[in-house]
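Only one structure is covered here, and it is reproduced in the block below.
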Amino acid sequence: MKLILNLAFLTLSCVMILPSCGKKEGCTDPASLNYDPEAEKDDESCIYPEWNATGTIGGGLVFCITPSGSNIFVGTETGVFLSTNGGEKWTAVNNGLDGPLYVFSIAVNGTTIIAGTEYGIYKSTNNGSSWTGVYFDDVVYSVAISGTVILAGTESSGILRSPDNGATWTPINNGYDPYQATWTIAVEGNNIYAGRPYAWPNFYVSRDNGNSWDPSYIAGDVFSIATLGSNVFAGTESEGVFLSTDHGANWSEIGNGLPGNDVYAVIANGNSVYTGINADGVYTTANNGSLWSPFNEGLEDAIIRSFGVSDGFLYASVENVVYKRAL
């Protein structure tokens, strides 16, 4: 009888314990490479993608990364470099550029490539194999595409516009102070946004494709702009990241989870936004900045200067090296 009671007790104990003991263990983080949606208990086995350096560029500091299909162009201290294989190999494509020169920005419009440089604007119609100078009156820090129109931000001539693929350029400074450098331009529909570090006003908005401009004001010096739908994100030096939900009229600081306030690069992709934090690598948000999370494995202490997205990879420039990570 005693034996029967003991067996019954053990059986009951097993029945009571099994639900908790039988939980499937695995990686429960959806951001990991080995996420198991059926796992009920995390076993600390999650594997995360890491940043990896691409091939040697050899052009000095990388200012910009501009993907175009399977091609990736970067602007450096010594000209333009091109990779056609995801960054494994970089080739200088500087025929026609006037000597080693700083290339601050690159934009692609169909088969036309526009480069903003310390000497002005250059144009290529053959994938960078050769370049022709089309504007030499000022330093050009930023170029962007708005439909069939190309825009350029200069050091002391304000905003330029070309309606003919870079053949001619006209200043469009109605309401815009042209005498302070325009470092970054972003386009969203008919709206054009211009950021100006070390200037006041430090941000301008055009709601009619550049025909007129209104000033806007953000704390800090604006170095980068990204758009995600109707939302506008601005990365600043010393004050972090700001969000506007009304096309640049009003701004809110969105720094929850960010370890620092110097943000030199911002990019949007899908529903996510990525920022480069000075000496703290990359952080990302999928909720418009309500909370930022590190996206840093392999790049924790880097100073990010620019981003680009191509074929499911995020590219980031750190000094003279471009890194990539799967999204």
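The values are calculated or read from the model by the stated rules, or taken from the named source; none is laboratory data. This one's a predicted model, so the numbers in the text were calculated from it and none came from an experiment. Note that we place each Cβ from the backbone using ideal geometry, even for glycine, and neighbour counts take in every protein chain shown. The area values use the complete protein model at the heavy-atom level, side chains included, leaving out ligands, DNA and RNA. Shrake-Rupley method; radii C 1.70, N 1.55, O 1.52, S 1.80 Å.
Report yes if some residue within the range 97-117 is open to solvent by 50 Å² or more (accessible area, probe 1.4 Å) and part of a strand (DSSP E or B); otherwise report no.
Within the range 97-117, none of the residues are open to solvent by 50 Å² or more (accessible area, probe 1.4 Å) and part of a strand (DSSP E or B).
Checking S206 against (1) more than 17 Å from T245 (Cβ to Cβ); (2) polar (S, T, N, Q); (3) within 20 Å of the chain's Cα centre (by Cα): exactly one of these is not met. Which one?
(3)
Take the residues in the range 154-177 that are among the charged types (D, E, K, R) and either more than 17 Å from N109 (Cβ to Cβ) or not in a loop (DSSP other than H, G, I, E, B) (or both); name whichever of them is farthest from the chain's Cα centre (by Cα).
D177
Whether any residue in the range 244-252 is open to solvent by 10 Å² or more (accessible area, probe 1.4 Å) and under 20 Å from G276 (Cα atoms) is what I want to check.
yes
Considering only residues that are assigned to a loop (DSSP other than H, G, I, E, B), out of contact with any Asp or Glu (no Cβ under 9 Å at 6 or more places or on another chain) and without any contact (Cβ under 8 Å) to a residue 24 or more places away in the chain, which ones fall in the range 282-310?
If the condition is that a residue be assigned to a loop (DSSP other than H, G, I, E, B), out of contact with any Asp or Glu (no Cβ under 9 Å at 6 or more places or on another chain) and without any contact (Cβ under 8 Å) to a residue 24 or more places away in the chain, then A286, N287 are the ones that fit.
When only residues in the range 178-230 that are of a type in the set (D, E) and more than 25 Å from N109 (Cα to Cα) count, which is most open to solvent (accessible area, probe 1.4 Å)?
D214
Which condition breaks for A279 when tested against (1) closer than 22 Å to Y323 by Cβ; (2) open to solvent by 30 Å² or more (accessible area, probe 1.4 Å); (3) part of a strand (DSSP E or B)?
(3)
For V134, are the conditions met, namely being in contact with a strand residue (DSSP E or B) (Cβ under 8 Å, 6 or more places away or on another chain), open to solvent by 30 Å² or more (accessible area, probe 1.4 Å), in a strand (DSSP E or B) and within 27 Å of T84 (Cβ to Cβ)?
Considered against the rule, which asks whether it is in contact with a strand residue (DSSP E or B) (Cβ under 8 Å, 6 or more places away or on another chain), open to solvent by 30 Å² or more (accessible area, probe 1.4 Å), in a strand (DSSP E or B) and within 27 Å of T84 (Cβ to Cβ), V134 comes out as yes.
Might you check whether a residue that is more than 22 Å from N231 (Cβ to Cβ), open to solvent by 40 Å² or more (accessible area, probe 1.4 Å) and part of a strand (DSSP E or B) occurs anywhere in the range 311-319?
The answer is yes; a qualifying residue exists.
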